[in-house]
Amino acid sequence: MTTLDNSRAHDFGGHGHHEGSYLTPKGGFFTTVWDWATTVDHKKIGVMYLVAVLFMFFLGGLAALAVRTELLDPVRTVMVQAVDAQGKPLLDADGKPVMKTEIVGQTLARWIPPKGGEITSIDYGNQLYNRAFTLHGAIMVFMVIIPSIPASLGNFFIPLMLGAKDVAFPRLNLLSWYIYVTGSIFAVSSILLGGVDTGWTFYTPYSTTTDAEHANVVLMVLGAFILGFSSILTGLNFVVTVHKLRAPGMGWFDMPLFIWAMYSTSIIQVLATPVIGITLLLLVFERMFKIGIFDPSLGGDPVLYQHFFWFYSHPVVYVMILPAFGVISEIIPVHSHKKIFGYRAVAFASLGVALVSFLVWGHHMFASSGELGATVFSALTFLVAIPTAVKVFNWIATLYKGSIALTTPMLYALMFLFLFSIGGLTGLPLGALATDLHLHDSYFVVAHFHYVMMGGTIITFVAGLHHWWPKMFGKMYNQFWANVGAWTVFVGFNLTFFTQFFLGTQGMPRRYASYVSEYQTLHIWSTVGSYVLLLGFLIHLFVFIHSLVAGRKAPANPWGGLTLEWEAESPPIEHNFAHEPIVTHGPYDYETTVPPHWSAKDYPLPHLPANAH
Amino acid sequence: MSTPHAAAPEVFDELDPHGMGAYTKHSHHIVSGMTLKSILIILLAFTAITVGAAQAEKFIETSLHIELPRWVNVIVAMSIATVKASLVLMFFMLLRYSNPINTVVFLFCLLAFALFLFFTLLDLGTRGMINPIKAHQVEAGGIGGIRAGWRADAPIINQAPVVFWRERKIAEVGIDEYNRMKSILSHPHEGHGAPAVSSGNMSINRPGITPGLFSAVAPAAHDEHAPHGASPAPHGAPDAPAHSPAAAPASAEPAKH
Amino acid sequence: MTTLDTRSNPLGADVQGGTEPLWKRYLPGHHWRTADEEFDACTLGFWLFLATEVLLFAGLFCGYTIMRFKFPQAFANGSSYLDWRWGTLNTVVLLLSSYTMAASIRAFQMDRQSHGRRLLAATFVFGLCFLLIKFTFEYTPKLSGWFIAFDPALSHYTELVDNKALGGLFHHVAGYGGKAPGQFFSYAFSEDPWEPLWWSIYYCATGIHALHVIIGMTLIAWCFRRALFFKAYGPSHYTMVENTGLYWHLVDLIWIFLFPLLYLIH
Amino acid sequence: MLKTLTNNWTATLAESPQGWWAPGWRWFFQNFGVNENAKLTDQLYMEIFWISVGWFVFLMAIMLICVVKYRRRPGVPAPYSPSHNTVLELVWTIIPCFFLFYIFLQGFHVYVDKLVAPGDSLQMTLTAKKWDWTITYPNGAASPERTLIGADSTQFGGENGSPGSRPIPIFYMPGDVPIHFNMISQDVMHSFWVPDFRVKFDVFPNRYTTYWFQAKLQGAETNTLRDSTGKDVVTAQGEKVPYIDHFIFCAEYCGDQHSEMLGIIRVVPMAYYLAKTEEWNIEGKTPAEIGKLVYQSQGCSACHTLDGSKGAAPTWKDLYMSQQPTNAGSVVADDNYIRESIYTPQAKIVDGYPSNMPVYTTAQIDERRLQGLFAFMRSISKYAPAEAAPTTAAPATPETEKK
C-alpha cells in the first residue's frame, strides 16, 4: 500500500501538520463568505461548482417539467356554442346558434396568461412551450451536463487522486468558476427578458431572425459563448495538472481511470470549444449586423452553421459522457473490491472516443447533408460504438468474481449500465442512414440522447456524488432512503423516456407544442414518468440535506477504495495530504493491497495463484 | 496561503521513476542573437517572394493573357505562408528547443483544424452527385428582410444590397456620371477593369424565390417521361452558377440540364 | 492571466525586500515542487491556450474557404479593393515586432534589463504601427470614404474629392466608402452580388485579429511595467514575458496566413 | 384512451407483413410500410432492434448473475481472477465490428434507394414557408383544399383530432406512380417528413433538395372519399374514389406554429388526380375564381379570413378599397396597396397586426393571379364599385407612392 515515508517526502503541507478540514470556517460569516469567494482551493471551487450546477439543474428541470406538462394534452381548437353573460346560447339572425372557437390544452398559457388574460391564438401557448424547451436544452447542455462531473467532481478529485495539492493553475480555476457564473447570468437574464425560442442548437436562419427586436437571443448566445471560456480554462487546467502534478511514483498507467477519462474530456474541451466560440460570435454578429455568413439572403449558408455547430457539439457529447465513464470505472472496482478488467483497454478507449469524436459530427445532419458527406459520416459514426462497447464489456467483466456491495453508488452504476446500454444500442438505428432519415428529429432521438445524457451522465453524476459524498463533506447519508431515491429515479426515468422511443418510431416529431391525438397515450405515460423522476430527485435532495445536518461522521475510507483520495481525511485538510503521498500500488490492486485506513482483519486478501501477475 | 518552502530536494528525481521532470532542463534555452536575426531576414525575404509571386501571376494573366488555374495562386501563397509559419514556430516560439509535448499540442490542434476543414468541404462540396440541382446555391434564395443600411428604420429591400445601391447611385447621379466615377474608383492597381454599366442590365438578383421556379411553365420539351399530358415540371433549376451574375439575369430562361 | 506570474504582491515585496530584483526573489506556487516545473507547466498551459486560439481562427478560415469556393469572383473583386502594399508593410511590421519580442525574451534571459525593456517597447510600438496602418489607411477609407491627406492612394481619386475636414487633413472621396460587411454594405460600384460576404469575412478576420493585437499589446505593456518597476524578469524567472511572447508570435502567425489569403488573390 | 391506441393500429400478430420476427409491430410503427422503401426501412429497423435486444439481454443477464452470485459476504475476499485477457478483449472488440459493418451497409443500401428517384417520376415543386406547405403540380396548379383535423376529417382522430387550430392543406397524389419533389424554403429551414414513407429531408432557403416517394394504392387498405356532407364522391364514370391519407410533418424547428405545420398527402387513383389538378388549373377561369384558388392554395387562408372574424391578419371581407390605418399613415386598400403588401409586405403594416406576412414573388403570384386576387377581393367587399369593372390598376395615390 501507499507508504507515508516521513523521512523522504518533503514537507508537503508547507506548515503545521494540524490544519483543519477545508470546510472549517475561517471566522465570522462574512469572513467565511469572502474566503470562499476568493479561494483558490480546488476543493472549495469544486463545491462551488457543485452548488451552481445543482441550482441550474433545478432550473432546467423546472423547464423540463413545464414541457412535459404542456404535452399532457394536445392543443386543439374546438367549436363551441357561444353564450352570453347569462350563460344562454347566443343565436344569430336566422335563429341558429352562434359557434365560436375555443382553444383547449395549452397548460403553460393558463399558468402564465397573456396580457389580455384571454388566450386568443395558439401562438401564445406555443411561444411559451418553445421557450420552455429551449430553456431546458440550453441550461441542461451548457450549464449542467458539460460542467457537472468535470467541474465539480473533477475539480475536487483530480488533484486528490493525483496526490497533488491543487490543480496546476488555481487562480485560473477560480476565474473559470466566475466565468461560469457570468455566462449563467447572461443566460438567465435572457430568460427574464422574455426567453429564447431558438432551441439550444440556435440553428440559422431561424435564430438570426426570431425576436428581431429583442436582445434575448444575443444574451443567450453570448452566455453560451462565455461558458465556453469556462469550459476551455477548466480543460486546460486539467490537462496540465495531469501532465505535471502526478504524485511521485505515479506513471501514466498508474493513474485512476477517472483521471484518464477526465484527461480525454479535457483534450476535447480544449480542441473543440474554440470552434463554438467563433460560431456563436459569428451568430451574434449575424444577428446584430447581418454579416451574412450564415444568412442565405446574403449568400451565406445555413448548413455551414450546422457544420460549425456540430464540430463542437458532437465532441461535446463526449465531454458529457466520458467523465461518466470515468466515474463508473471508479465506482465498479471500489464497490466490488475487484481490479478493473482490462485497465489499458478502458484507458485507451477513453482516448479513442476522444479521437473519434472529431470525425462523426455529420451524423446530426443526415437529413441536411449531401450524399457523400452523409455516407462518410455514417460509416465513421459506427466507429464510436467500438470503444464504447469495449468499456461496457470491461465493466461487466469486472463484476465477475467480485465482492459486490449494493451500496447506493453501486446501485446507480448498475443502473447506468442498464440505461447506457439502451442509450448506446438505440444509437445504431440513428447511425444507419436509412433508419435515421425516418427517426431524425423525432422523439426517438429525444429518447436516445436522454438515455445517454441523462441515463448516462446525470445518473452517473448522482452516483459519483453518492460515492464521494462522505469524502467531500465528511458525513454519511442514509443508504436506505438513497436507494429508495435511486429506484424511484430509475422507474421514473424509464417511464419518461422509454415511451418516447415508440413515439419516435410512430412519427412524433420533436419540438412540437401540440400533436395529433394518436400520440396522447404515450405522452401521458411519459409525463407521469417525469413526475416520478421529480419525486426521486427530491428524495435525494432530502437525503443529502439530512446527511449534512444530521449525518454521522464519515470514516476516511468508507468503501475501501484504493485511489489516493481515500488516503486523505474526510473531509480533506486544506492541503489535501499531510505528507506528499508516494504511489507504490496500482489504483485497483484489490488482490494485493489492504485499502488505506482499513485493517487487514477486515479485509482478508485472496489467495493468489502462482501465475498471477 | 502560499508559504515559502525550501527548494525541492534532489531526492525527488529519485522518487520519480517516470521522469516527470526530465525535460525541465530544456526549458531555459537561450536562442542566439544571430539565429533570431537570420530568421527575421529569411521571413522578410519570404514575404517579398510571396508578394512577388502574386505580382508575377497577375502579370502573366493580365499582360500575357495566359489563364492560370485558380489553385496556383492559393498553393503558392499557402506554401510560402506555411514555411514562414514553421520558422516562427520553431525559432521565435522556441518549439525547436522546448518540451516536445508543446509541439504535440500544436500538431493536434492543426489536426483538428484539418479534420474540420476537410469534412466540411467534403460535405458542402459534393452536393450534386446524384441530382445536380442540389449542388447549386439558389441564385437568389433567402429569407428577405435585408435592410438598406444599418439603421433600424432603413427600408427593407428585396434585392441584393449590391444591386440596390448601384441602382440608387445611378438614379442619383445618372448613368454617365456613374460610369465616370466607376472608372476612377477602379484604379489600375485594383485589378479588375471597370466595364461600363448599361442601364438595361441592372436587376440581377432578387432575394425570395428563384425566378423561374413558378412562372416558367416551359414547353413540354424535355419532359416526355411525364405519365400524363400535363405540362412539364416547373422546377426550373438555376443552371448558371450563382457567382457569375452576368450569366444569371432575372428573366426566367427555361432551365436546361 | 494571473497564473502566469508570481503570486506575491510585487509592490509590497519591493518595499520590504530591499533592492533585490523581483525575479531573484520569485517563489513558485505552493503546489509546485520547483520553479522549473511551474515554468514548464505554464508553458504547456499556454500552448494549450494557443491551440484554442488557432481553432478560434479555424472557424474563420473555414468560413473563408467555403465562401471563396462558392463565390470566387466576389472574393477576387473584393480583394482587388485592398492595396497589397499596405498589407505587405503590415506584414513587415509584424515580423519585425516578432523579432523584437523574441530578442527581448533573450535579453531578459541574459539579465540585460534595459535592453529587454527597450525591445519590449519597440514591440509595442510596432503593434501600434500595425493598428494605425490598419485603421487609418484601410478601415476608415473603405468604410467612410475619408482619406488622410498624405495617403498615397488619394492621388488616384483627386477628381472625386468632395469634402475636406480638419483643415484639409482628411479628404472625402465621393462613392469610395460603404465597403462594409453584410447589411452595412452600401458601395455602389460592386460587380458581384455576393461582395458583402467578402467584406464580412474580411472584417471578421482582420477585426478579430486586430483585437488580438490589442490584447497582445496590453500584455506587453503590463510586462514592460513590471520589468521597469520591479525588474520582474530575469534568467531564472521570465514566465510571463515568455508567454506574452508566445501570444504575440501567434498573432504574427495568424497574420502570415491572413495576408496572402486576403491581399494576394486575384 | 386505449381506444385511440388501437384505433389506427389494426395490425395484429398474425397480420404482421414482416413475418414472425416483428410481433410488436404496431407498437413501433403506426402502419405498415406503404411502399417498398418503407418496408425495407422497417425491416432494417427490426433487424437492428433484434440485434440490440440480443446484446442487451446478454449483457444484462451476465450483470445480474454476477451481482447475485458475487454479492459481498463479510470476511470473504473477492476470489482472484485475471484482470485482463488479450484474446477475450480482442474477440469482443472484433465481433461487434461485423454487426456494425452490416448495419452500416444495410443503412447505406436503403438510403440510396431513398435518394435516387426513378427517371419517369412525376415532377412537382414543393415550397415551404412559415408555417405552410405548397405543392405545385406539373400543370402549374396548386391544391386549394384544406381540412381542419378533427372537424371534418374522417380518418384522423375524430373529435379528439388536433392540432386542428387551422386548416392544413391536402395534396392529392396519384397512387402507384413515383413522384419527385424539388423542395425549397422561402424563409427558415424546414424538414419535409412523411412518417409513413419513412423519409425526411430538410428544406433550405438557399439550395434545392429533393424527395421522392411512390405511395401504394392498389391492393392497399383504402377509405372511400366523401364530401363535406358525408356523401360518397363519385367520378364522372360513376365510380367511388378510394384514397389513403398520409400525414406530413415539419421536422425542423421553425417557430411558433412549427407543430401546426402539417399537411396531408392524399393518395388517389391517377384519373381522379388528373381531374382534380385540371379543376384547379387556372386556365379558363374567371378572375374571381382564379383569385379564390390563389387564396386557398397560396396559404392566404391561414391568416386572412373571409367572414370578417379576426385572424392573424386583416380579414378580406370588406377590405378592398377600405381605409386602413397603417404604421405609414392611413391608406386606401386599393390595387396598388394590395400589390405592395404581397411583394414587399413589410412596407406598411396595418395597425394591430404583427409584421409576419411572407414575401411573395412575381414568380409565385404572377400578374394574372394577382388580378384574380383583386377581382376576388372586390367581390367580397362592400366598398368595391358595384359594377366590379375589371380595371387593370387603379391610379396611384400620393400615399401609396410614399415609401
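A few remarks follow.
- Members of region A:248-263 found to be crowded, with 24+ Cβ neighbours inside 10 Å and within 9 Å of chain B (Cβ to nearest Cβ), listed by number: A:Met250
- Filter pass, B:Ile101 being among the β-branched types (Val, Ile, Thr) and within 30 Å of A:Lys244 (Cβ to Cβ): yes
- Just so you know, in region A:440-493 the residues that are more than 15 Å from the chain's Cα centre (by Cα) and polar (S, T, N, Q) include one that is nearest to A:Thr134 (Cα to Cα), and it is A:Ser442.
- Strands (runs of 3 or more DSSP E) enclosed by region D:88-184 - at least 2 residues per element that are over 14 Å from the mean Cα position of the chain (by Cα) and at pLDDT 90 or above: D:122-129
- Total residues in region B:84-103, condition more than 9 Å from chain C (Cβ to nearest Cβ), out of contact with any helix residue (DSSP H, G or I) (no Cβ under 6 Å at 6 or more places or on another chain) and surrounded by 12 or more Cβ atoms within 10 Å (Cβ to Cβ): 3
- Meets criteria (assigned to a loop (DSSP other than H, G, I, E, B) and either at the interface with chain B (Cβ under 8 Å from one of its Cβ atoms) or touching a strand residue (DSSP E or B) at 6+ places or on another chain (Cβ under 6 Å) (or both)) for C:Ala232: no
- Inspection of region A:278-287 finds no residue satisfying the criterion of being more than 10 Å from every other protein chain (Cβ to nearest Cβ), of a type in the set (Ser, Thr, Tyr) and either buried (at least 24 other Cβ atoms within 10 Å of the Cβ) or part of a helix (DSSP H, G or I) (or both).
- Exclusive hit being in contact with a Phe, Trp or Tyr (Cβ under 6 Å, 6 or more places away or on another chain), aliphatic (A, V, I, L, M) and either more than 14 Å from chain B (Cβ to nearest Cβ) or touching a residue at least 40 places away in the same chain (Cβ under 8 Å) (or both), set A:Ala354, A:Ala374, A:Ala385, A:Ala324: A:Ala374
- Only one of the numbered conditions (1) under 30 Å from D:Tyr102 (Cα atoms); (2) within 14 Å of chain D (Cβ to nearest Cβ); (3) touching a residue at least 40 places away in the same chain (Cβ under 8 Å) is not met by A:Ala434, and that is (3).
- Selected residue (only one of A:Val489, A:Val528, A:Val532 is aliphatic (A, V, I, L, M), touching a Phe, Trp or Tyr at 6+ places or on another chain (Cβ under 8 Å) and not in a loop (DSSP other than H, G, I, E, B)): A:Val489
- Residues (touching an Asp or Glu at 6+ places or on another chain (Cβ under 9 Å) and more than 7 Å from every other protein chain (Cβ to nearest Cβ)) located in region C:45-66: C:Phe46
- Only listed residue being aliphatic (A, V, I, L, M) and over 30 Å from A:Thr279 (Cβ atoms), chosen from C:Ala180, C:Ala153, C:Ala205: C:Ala153
- Scope region C:70-98; condition at the interface with another protein chain (Cβ under 7 Å from one of its Cβ atoms), aromatic (Phe, Trp, Tyr) and in a helix (DSSP H, G or I); matching residues: C:Trp84
- For D:Gly352, the test of being of a type outside the set (Asp, Glu) and modelled with pLDDT of 85 or more is failed.
- Helices (runs of 4 or more DSSP H) lying entirely in region A:159-276 (those with 2 or more residues that are under 19 Å from A:Tyr318 (Cα atoms)): A:216-244
- Residue within region A:532-553 that is within 14 Å of chain D (Cβ to nearest Cβ) and surrounded by fewer than 20 Cβ atoms within 10 Å (Cβ to Cβ) present: no
- Residue match in region C:174-194 (condition: more than 30 Å from C:Gly245 (Cβ to Cβ), touching a strand residue (DSSP E or B) at 6+ places or on another chain (Cβ under 8 Å), surrounded by fewer than 21 Cβ atoms within 10 Å (Cβ to Cβ) and within 14 Å of another protein chain (Cβ to nearest Cβ)): yes
- Top-ranked residue in region A:562-606 [being within 14 Å of chain D (Cβ to nearest Cβ) and of a type in the set (Gly, Ala, Ser); ranked as nearest to the chain's Cα centre (by Cα)]: A:Gly586
- C:Leu166 being more than 24 Å from C:Gln113 (Cα to Cα) and in contact with a helix residue (DSSP H, G or I) (Cβ under 8 Å, 6 or more places away or on another chain): no
- Complete set of residues in region A:89-126 that are under 23 Å from D:Asp307 (Cα atoms), in contact with a strand residue (DSSP E or B) (Cβ under 9 Å, 6 or more places away or on another chain) and part of a loop (DSSP other than H, G, I, E, B): A:Leu90, A:Val98, A:Ile119, A:Thr120, A:Ser121
- Of all residues in region C:27-44, those satisfying the criterion of being within 9 Å of chain A (Cβ to nearest Cβ) and over 18 Å from C:Gly245 (Cα atoms) are C:Gly29, C:His30, C:His31, C:Trp32, C:Arg33, C:Glu37.
- Filter result for B:Ala81 (farther than 18 Å from C:Ile254 by Cβ, among the hydrophobic types (A, V, I, L, M, F, W, C) and at pLDDT 90 or above): no
- Exactly one residue out of D:Gly263, D:Gly291 is in the same structural domain as D:Asn356 (by TED's automatic domain parsing) and surrounded by 23 or more Cβ atoms within 10 Å (Cβ to Cβ): that is D:Gly291.
- For A:Gly300, the requirement of being more than 20 Å from B:Phe108 (Cα to Cα) and either within 13 Å of chain B (Cβ to nearest Cβ) or small (Gly, Ala, Ser) (or both) is met.
- The condition of being surrounded by fewer than 18 Cβ atoms within 10 Å (Cβ to Cβ) and in contact with an Asp or Glu (Cβ under 9 Å, 6 or more places away or on another chain) holds for only one of D:Ala275, D:Ala302, D:Ala271, that being D:Ala271.
- When A:Val181 is tested against (1) out of contact with any Leu (no Cβ under 9 Å at 6 or more places or on another chain); (2) modelled with pLDDT of 95 or more; (3) within 14 Å of chain C (Cβ to nearest Cβ), exactly one condition is not met: (3).
- Matching residues, region A:509-530, being more than 29 Å from the chain's Cα centre (by Cα) and hydrophobic (A, V, I, L, M, F, W, C): A:Val516
- Exclusive hit being within 30 Å of D:Val199 (Cα to Cα) and of a type in the set (Val, Ile, Thr), set A:Val360, A:Val334, A:Val346: A:Val360
The values are calculated or read from the model by the stated rules, or taken from the named source; none is laboratory data. Since the model is a prediction, treat every value here as computed from it, not as a measurement. All Cβ positions, even for glycine, are placed from backbone atoms using ideal geometry, and neighbour counts span all protein chains on display.
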